[in-house]
Structure formats: structure tokens, C-alpha cells
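Engineer: This is the structure I have questions about; it appears just below.
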Amino acid sequence: MLQADVLVIGSGAAGMYAAIAAARAGAKVLLVDRSLIGRGGATVMAQMTVAVAVGEEEPDHWEHHLADTLKAGRGLCDQELSQLLCEQGPACIREMDEWGIGWARRDGHLAQVHAPGHDRKRCVYVDFLNTGPAVSKTLRARVQRIPEVHRVGDLIVTELAMRDGACIGAHAVHVSTGASVPIAAKATVVATGGLTRLYARNSASVNMGGDGYALALRAGAELVDMEFVQFFPIGHLAPRLVGMDPIMWDPFRYKLGGRLLNSEMKEFLPEGGRYLSARDLATYAILEEVGAGRGSPHGGAWLSFQHCSEAALRDAFGPVIDRLAANGIDLTREPVEVAPIAHYHMGGVRVDTGMRTSVPHLFAAGEAVGGANGANRLSGNAITEAFTFGRRAGERAAALAARTAVPGKHIHTDIQREIDFNPAAEIASLQALMKTYVGPLRTRAGLEKALAHIDALAPHCAELGAPRPGLDAEWIDLHDLRNMRLVAECVARAALAREESRGAHQRADFPETGDAWQKHQTIRLAGERVHVES
Amino acid sequence: MSTLKANLRVRRGAPGETGRFASYEVPFEPGQTVLDGLRWIRVHVDPSLAIRFSCINANACKECMIRVDGKTVYACTTRLAQAEMTLEPLPNKRLIRDLVTEIAPPDERLERDG
């Protein structure tokens, strides 16, 4: 039995910041991750920008950042959460600076670039394409120095532990031994990131199968805005690159502009070689070109930096140019192919500004939270969200823990079950299905087809059971499939119910944005059934 | 369609078992990696094959380190070749199963077993 005042599930930026903030507020913290601490998840993969109104490149105020966030969110942001992100962002960025992250600087001040959707230069970064790894490393070093934070990796939380309707910790399984590990906690923070692994083409890690949404939902919490999955428009498509994140062209476009071209080598967005288009609009423009037969050979668009000299490329991206050369790519000579890729989830667990869910003693933070980014996230808001929401969740969870008695022990017994199908193959089929029918462009017929498959999968993963002793790779896949199936159902049902098009949710059969739909949909489990409240 | 094929000899087994090599013929397209090949095996042949990775392709998580033909490499950045390739777990780390070894820092392990 592990025990803590505050249990934090997930060790990306939100989880680690929550752990630091909770310990600072006097709590004994247990920080767990299904992967290694501070290495799995999405944070480590972030390439460049962090949006924050520090006003070092030009005058700025968090209210301007908020206005841009609300505008990008297409009328659907939870304004209080958006405000928290924008208002608290600068303090977190400064704190990370004090902790030695090494934000890029120019003439002695923080360098800030202009990202699409922002009204000015607002995004800080770490060179070269190193923002995510630097964030992870800085926070990892920080939590390692705090004795009150006990870190345990290779631990998969399978369910939240509940008593009298409140969360009292979690049930976990130790990956390498298969041991059952009960965890007692006075307050619990879900910081498990998003759900982009549901899609065949994604920029996520394998940990992003929506675990936190499934855990919270089964514990009785509400989810919100689940239909809004952000597709990053210019994910790398071809030629095959290794050792590079598929969203790497984002920083290239920030620094160098670049031209997005169709098969006729014509720009199809009104950009004039600059990086201007919001993510949802660029995604649909590329899909439209492909649909009209003007796509690149692999079904995307061309992205060209042929206007840049070798010296300019090297000045902007240093060693990254050598990594591209090792992959056989010379940007001065040829364009690359790009296409939309599942990147981030705007929806998630519904919380108040104290990061409290509707379940007592259960908090959420980071991408696991829904609402701050509405129907479309502004570039650079994800890491800021992780910092600000993580810090807030850690502080509030610690405060609650300070006035909560130690929950009694709980036990959880599962028996082993035979897995008589290949769960890895089922995950791959589900990902292909989601990409085809629940991707950026949706129709009633497609969503119903997806739901039929998702429903048929339910009996296969109704029960998880216990793993076999030692590392049980099939059990891990079954665990993931079970959560991914449930979360896929939430996305598809919410998408089917929303009969309009808005931001990241586009219905070919309902192309207009409807005033009546300027509202959130929430999801609860009613027994085994996913219930959408429109 | 691709006709390239790699022959992966993969060391299988858990502590206390007699280790063995299993051979898999893996189709691939130019540019694909050893990790792509291992993921293909799990989906198409044997889901019990244990490998450790998180970020898939970005070489950001640094979790997929194994031995390929006697050299320590990242599976996600090593390209498949039309040849026999021998895949083994790291020799200097405690074996967990197949290609997975204990690489977590000692104070981040459940057992804290050093």
C-alpha cells in the first residue's frame, strides 16, 4: 500500500508542476507515471512555442492574450479557465526561468515570436526545437530535489479508488512485476494528458490514449467538449523522417515563414509565405485541396523553404539541419509533404478554477482538463495550460489534503482473464477507424459507422482483470484498448450530437456554425452507458 | 507496395526462463525503423512481445534503447535493412522481459531495489 496526502497521476509538465506546488504547500506527494518519470507523455515532445504575455519583445498584457484565446476558441472557451491560463502564465514562465530552463533570449530579454492567431509577438521558446525536452528536464530536476515528492514510474493506474462518492486514491498495477498496488490519498490529481493516440496519424506518445478521461468518467466525473480534437495542419508526412517529432515544421514556419503549396505548386491559403492561418482553417484548407485532387503524392500538401539560403536555415535551426541531412532532406532543394495530424484535445475533465472535478477529492490538470481552449486551441497555449493548471491543482489539492483525514485502506482484487484476441491489432483498427470517420471532417453516416464498431468492441474489453506475473504486454494493450474504446465512444457520441460546424468539429452535413450551439456538451456514465447532455 | 523484408531475430524471455531467439520476417518500406518493425510484429504476429517505448518516433523519451547486432542503439532511429538483424535487451541492465530492461533511476522504482 502506497500512501500520500496528494497523489498525482502523470508526470508531464502539469503533473510535475502540481507535485512541486503541492509539496511547497506542505503536502507529502506521490507522483506516479505509467512510463518513466518526466519522459513519457506529450510535454517532452513539444517543439517550440509557449504563449505568455510577459511583454518582453513588445508591450503586452494578459488581457490581450485572453482576447486571442477566446477568439481562437470560436465562442466556446470556459472564460474563467482561459483567464487563469493567461493571467497566471507569466508567473510560471518566470519561475521556470529561475529554475534554469534557458528560454531563448535576444539582447538580454526573453525572445518572443509571433504565432498564428496572436495579435503580437508572444511566444517564448527554447532553441533548437528543444522546448519540451527542456521543460521536462527542468521540472524533473526540480522534483528530484524535493524529498516530499516520492516518484514511482512504471505504474499504471487502472481505476480511481472511491468511498462514499469521494476519491480516496487509486488502484495501480506495477508494469514490470504485474503486482497490484493500492494507493491511499487524501486528494488525487489526474494529469494524464489527452487522447491523440486514438488516431492513426498523431503527434502523441503511446501514453496519450485518454487514460485520465476514462478514469475520471468511471469514477463519476463529468467530461466536457469531447468532440473537439485539434488536428495540427502541417504534421510531417513524407519522406519518412526518424528521430524528429512530426510537428517539427511548426517552429520552422515561425522563424522562416515557408510556403504551403498544392500539387500545382500554388499557395492555397492567403499567407504570402508567412505563417498566419489558424490550425482549424489550415487543416480544412489542406483537406479541401486533397479532396479536389490537388494534394501532394502522399495525400497532403507541399511545404517549401526553398526561398531560404543554407546560411539562413543554419542560423535558425543549427544542428537540426544536420539531422535533416541525415534523413536525406535538403530544404534548399526540395519541399516536404505535410498533412493534418491529431495533436491535442480541447475537451476533457470538467473542472472549476480550483481544478476540482465534480467528484469530491478529485482534481485534474493540464490537457486532461477541458474548456480553456474552447473549440480550437491557440498556438502555444498547451504548455502554459500545463504549468498554470498544474500549479493551481497542486496548491488546491494540498489545501484540501491538509483538512482531510487519512483514508482507510482499500483493496482491489482482480482475477486473471484469458485474452482470446490480439489487443494490439484491435488498437490499430480503432485508430484507423477514428482517423477515417471521427477525424477533422465528420458526417452522420461516418460517425454511426464508427459507433457501430466501437459498440461491437465493448464486450471484448468490458473487464480488464489482472495481468499475468511479470511484464504482461497483452494485458497492457487490453488496458489501453479498454480506455481508448470508452474515450472514442465519448468523442464520437458528442460529435454525432453536435449538429453544426465549429472550430475543430466540422460536419459536412451541418456546415454552418449555429448560435444555438454556442454551448458545451457534457458527458457522464450512466451505468455502462455514455450519456451526452447537449 | 513494398517488397522489402527484414529478418528480425529477437531475444525473448523473462528472468528465470531460458532465453531464446524468435525470428520474424517483417515487411517494410524504405525509411522505416526497428521500432516500426517491432510494432508490426506485435500487431500482426505476437502481441506478447515486450518492448519499451513512449514517444514512437521523435527520439524524445529515450526509452527504446536496445542492442541491435551487438551495438546499443535507439530502436526508433535505427533503420530496418534487408538482412538478418539481431535484437537483444541491454546487457548491463536487469532484464524484465524480452527487450525490456530496468532503466528507471533507482529512487523512482516501486521496490527501490537499487
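Engineer: Looking at the range A:164-180, which of its residues are open to solvent by 10 Å² or more (accessible area, probe 1.4 Å) and either under 20 Å from residue A:214 (Cβ atoms) or within 13 Å of chain B (Cβ to nearest Cβ) (or both)? Don't jump to the end; show me each part of the working.
Structural biologist: If we filter the range A:164-180 for residues that are open to solvent by 10 Å² or more (accessible area, probe 1.4 Å), which is where we start, we get A:164-166, A:168, A:171, A:173, A:175-180.
Listed by number, the residues that qualify are A:165, A:166, A:168, A:171, A:173, A:175, A:176, A:177, A:178, A:179, A:180.
Engineer: Related question: Looking for whichever is at pLDDT below 95, over 22 Å from residue A:441 (Cβ atoms), open to solvent by 30 Å² or more (accessible area, probe 1.4 Å) and touching a Gly at 6+ places or on another chain (Cβ under 6 Å) here; the options are A:259, A:274. Which one fits?
Structural biologist: Working: A:259 fails: at pLDDT below 95.
One residue alone meets the criteria, A:274.
Engineer: Do you know which of the residues in the range B:69-102 that are of a type in the set (Val, Ile, Thr) and surrounded by 18 or more Cβ atoms within 10 Å (Cβ to Cβ) is nearest to the chain's Cα centre (by Cα)? So that I can check it myself, show each step before the final result.
Structural biologist: The initial filter retains those residues of the range B:69-102 that are of a type in the set (Val, Ile, Thr), namely B:72-73, B:77-78, B:86, B:96, B:100-101.
Next, only the ones that are surrounded by 18 or more Cβ atoms within 10 Å (Cβ to Cβ) stay: B:77-78, B:96, B:100-101.
On the way: B:77: 12, B:78: 11, B:96: 13, B:100: 7, B:101: 10 Å.
Filtering first and then ranking leaves B:100.
Engineer: Take the range A:113-124 and flag every residue that is touching a residue at least 60 places away in the same chain (Cβ under 8 Å) and within 16 Å of residue A:89 (Cβ to Cβ). First the steps, then the outcome.
Structural biologist: Pass one, the range A:113-124, residues touching a residue at least 60 places away in the same chain (Cβ under 8 Å): A:113-118, A:120-124.
A:113, A:115, A:117, A:118, A:120, A:121, A:122, A:123, A:124 - these are the residues of the range A:113-124 that are touching a residue at least 60 places away in the same chain (Cβ under 8 Å) and within 16 Å of residue A:89 (Cβ to Cβ).
Engineer: Given the condition part of a loop (DSSP other than H, G, I, E, B) and either over 25 Å from residue A:202 (Cβ atoms) or open to solvent by less than 60 Å² (accessible area, probe 1.4 Å) (or both), answer yes or no: does some residue in the range A:444-454 qualify?
Structural biologist: Taking the range A:444-454 as the starting set, the residues that turn out to be part of a loop (DSSP other than H, G, I, E, B) are none.
There is no residue in the range A:444-454 that is part of a loop (DSSP other than H, G, I, E, B) and either over 25 Å from residue A:202 (Cβ atoms) or open to solvent by less than 60 Å² (accessible area, probe 1.4 Å) (or both).
Engineer: Show the residue pairs that are 6+ apart or on different chains and have beta-carbon atoms under 6 Å apart, the first residue being within the range A:239-267 and outside any helix (DSSP H, G or I), the second being β-branched (Val, Ile, Thr) and surrounded by 22 or more Cβ atoms within 10 Å (Cβ to Cβ).
Structural biologist: A:242/B:33; A:246/A:341
Engineer: Check A:140, A:151 and return the single one that is within 12 Å of chain B (Cβ to nearest Cβ), open to solvent by 10 Å² or more (accessible area, probe 1.4 Å), assigned to a strand (DSSP E or B) and of a type in the set (Lys, Arg). Show your work before the answer.
Structural biologist: On the way: A:140 fails: assigned to a strand (DSSP E or B).
Result of the check over A:140, A:151: A:151.
Engineer: Looking only at the range A:208-230, which residues are under 23 Å from residue B:62 (Cα atoms) and either touching a strand residue (DSSP E or B) at 6+ places or on another chain (Cβ under 9 Å) or surrounded by fewer than 24 Cβ atoms within 10 Å (Cβ to Cβ) (or both)? Give the derivation first.
Structural biologist: Going through the range A:208-230, the residues under 23 Å from residue B:62 (Cα atoms) turn out to be A:208-211.
A:208, A:210, A:211, listed by residue number.
Engineer: Restricting attention to the range A:488-521, and to residues there that are assigned to a helix (DSSP H, G or I) and open to solvent by 10 Å² or more (accessible area, probe 1.4 Å), which single residue is nearest to residue B:100 (Cα to Cα)?
Structural biologist: Filtering the range A:488-521 down to residues assigned to a helix (DSSP H, G or I) leaves A:488-497, A:515-517.
After this cut, where a residue has to be open to solvent by 10 Å² or more (accessible area, probe 1.4 Å) as well, the list is A:489, A:493, A:496-497, A:515-517.
Values: A:489: 32, A:493: 38, A:496: 41, A:497: 43, A:515: 53, A:516: 53, A:517: 49 Å.
If we take residues in the range A:488-521 being assigned to a helix (DSSP H, G or I) and open to solvent by 10 Å² or more (accessible area, probe 1.4 Å), then A:489 is nearest to residue B:100 (Cα to Cα).
Engineer: If you don't mind, there's one more thing I want to ask. Test each condition in (1) surrounded by fewer than 23 Cβ atoms within 10 Å (Cβ to Cβ); (2) outside any helix (DSSP H, G or I); (3) among the aromatic types (Phe, Trp, Tyr) for residue A:284 and report the one that comes out false.
Structural biologist: Failed condition: (2).
Engineer: How about the range A:181-200: which of its residues are surrounded by fewer than 22 Cβ atoms within 10 Å (Cβ to Cβ) and within 11 Å of chain B (Cβ to nearest Cβ)? Before the answer, list the steps.
Structural biologist: Restricting attention to the range A:181-200, the residues satisfying the condition of being surrounded by fewer than 22 Cβ atoms within 10 Å (Cβ to Cβ) are A:181-182, A:184, A:200.
If the condition is that a residue be surrounded by fewer than 22 Cβ atoms within 10 Å (Cβ to Cβ) and within 11 Å of chain B (Cβ to nearest Cβ), then A:181 is the only one that fits.
Engineer: Taking the conditions exactly as written (more than 24 Å from residue A:132 (Cβ to Cβ), open to solvent by less than 10 Å² (accessible area, probe 1.4 Å) and either modelled with pLDDT of 95 or more or within 14 Å of another protein chain (Cβ to nearest Cβ) (or both)), does residue A:398 satisfy them or not?
Structural biologist: Values: more than 24 Å from residue A:132 (Cβ to Cβ): yes; open to solvent by less than 10 Å² (accessible area, probe 1.4 Å): yes; either modelled with pLDDT of 95 or more or within 14 Å of another protein chain (Cβ to nearest Cβ) (or both): yes.
When the stated conditions are applied, residue A:398 passes them.
Engineer: I would also like to ask the following. Quick one: in the range A:19-35, which of the residues that are aliphatic (A, V, I, L, M) and open to solvent by 10 Å² or more (accessible area, probe 1.4 Å) is farthest from the other protein chains (Cβ to nearest Cβ)? Walk me through how you get there before you give the answer.
Structural biologist: Initial filter on the range A:19-35 (aliphatic (A, V, I, L, M)): A:19-23, A:25, A:27, A:29-32.
Applying the additional criterion that residues be open to solvent by 10 Å² or more (accessible area, probe 1.4 Å) yields A:23, A:25.
Values: A:23: 15, A:25: 23 Å.
The selected residue is A:25.
Engineer: I'd like to know if the range A:365-381 contains one or more residues that are modelled with pLDDT of 95 or more, open to solvent by 10 Å² or more (accessible area, probe 1.4 Å) and over 13 Å from the mean Cα position of the chain (by Cα).
Structural biologist: no
Engineer: A further question follows. Scan the range A:49-65 for residues that are out of contact with any Lys or Arg (no Cβ under 6 Å at 6 or more places or on another chain) and open to solvent by less than 10 Å² (accessible area, probe 1.4 Å) and report the count.
Structural biologist: 3
Engineer: Could you tell me which numbered condition residue A:485 fails, if it satisfies all but one of (1) within 14 Å of chain B (Cβ to nearest Cβ); (2) in contact with a Cys (Cβ under 8 Å, 6 or more places away or on another chain); (3) open to solvent by 10 Å² or more (accessible area, probe 1.4 Å)?
Structural biologist: (1)
Engineer: Under 8 Å by Cβ, and 6 or more places apart or on different chains, what pairs join a residue from the range B:1-22 that is at positive phi with one that is part of a strand (DSSP E or B) and open to solvent by 90 Å² or more (accessible area, probe 1.4 Å)?
Structural biologist: Every condition considered, the pairs that remain are B:13/B:20.
Engineer: Which residue, of A:527, A:446, A:470, A:465, is of a type outside the set (D, E, K, R) and at pLDDT 95 or above?
Structural biologist: On the way: A:527 fails: at pLDDT 95 or above; A:470 fails: at pLDDT 95 or above; A:465 fails: at pLDDT 95 or above.
Answer to the selection: A:446.
Engineer: Within the range B:58-86, track down each residue that is touching a residue at least 60 places away in the same chain (Cβ under 8 Å) and either under 23 Å from residue A:245 (Cβ atoms) or not in a strand (DSSP E or B) (or both). I'd like the intermediate steps shown before the answer.
Structural biologist: From the range B:58-86, those touching a residue at least 60 places away in the same chain (Cβ under 8 Å) are B:80-86; that's our starting set.
Selection gives B:80, B:81, B:82, B:83.
Engineer: Among the residues of the range B:24-73, count how many are more than 7 Å from chain A (Cβ to nearest Cβ), in contact with a Leu (Cβ under 9 Å, 6 or more places away or on another chain), at pLDDT 95 or above and farther than 25 Å from residue A:134 by Cα.
Structural biologist: Residues flagged as more than 7 Å from chain A (Cβ to nearest Cβ), in contact with a Leu (Cβ under 9 Å, 6 or more places away or on another chain), at pLDDT 95 or above and farther than 25 Å from residue A:134 by Cα within the range B:24-73 amount to 14.
Engineer: Across the range A:80-110, what is the total count of residues that are open to solvent by 10 Å² or more (accessible area, probe 1.4 Å) and under 17 Å from residue A:378 (Cα atoms)?
Structural biologist: The number of residues fulfilling the criteria is 6.
Engineer: Please find, among A:161, A:179, A:170, A:134, the residue that is within 30 Å of residue A:416 (Cβ to Cβ) and free of Cβ contacts under 8 Å to residues at least 40 places away in the same chain. Reasoning before the result, please.
Structural biologist: Numbers: A:161 fails: free of Cβ contacts under 8 Å to residues at least 40 places away in the same chain; A:170 fails: free of Cβ contacts under 8 Å to residues at least 40 places away in the same chain; A:134 fails: within 30 Å of residue A:416 (Cβ to Cβ).
The conditions single out A:179.
The values are calculated or read from the model by the stated rules, or taken from the named source; none is laboratory data. If you're wondering where the values come from, they're calculated on a predicted model, not measured in any experiment. Cβ sites come from the backbone with ideal geometry, for glycine too, and all protein chains shown count toward neighbours. Note: accessible area is taken over every heavy atom of the protein model, side chains too, but ligands, DNA and RNA are not part of it. Shrake-Rupley method; radii C 1.70, N 1.55, O 1.52, S 1.80 Å.
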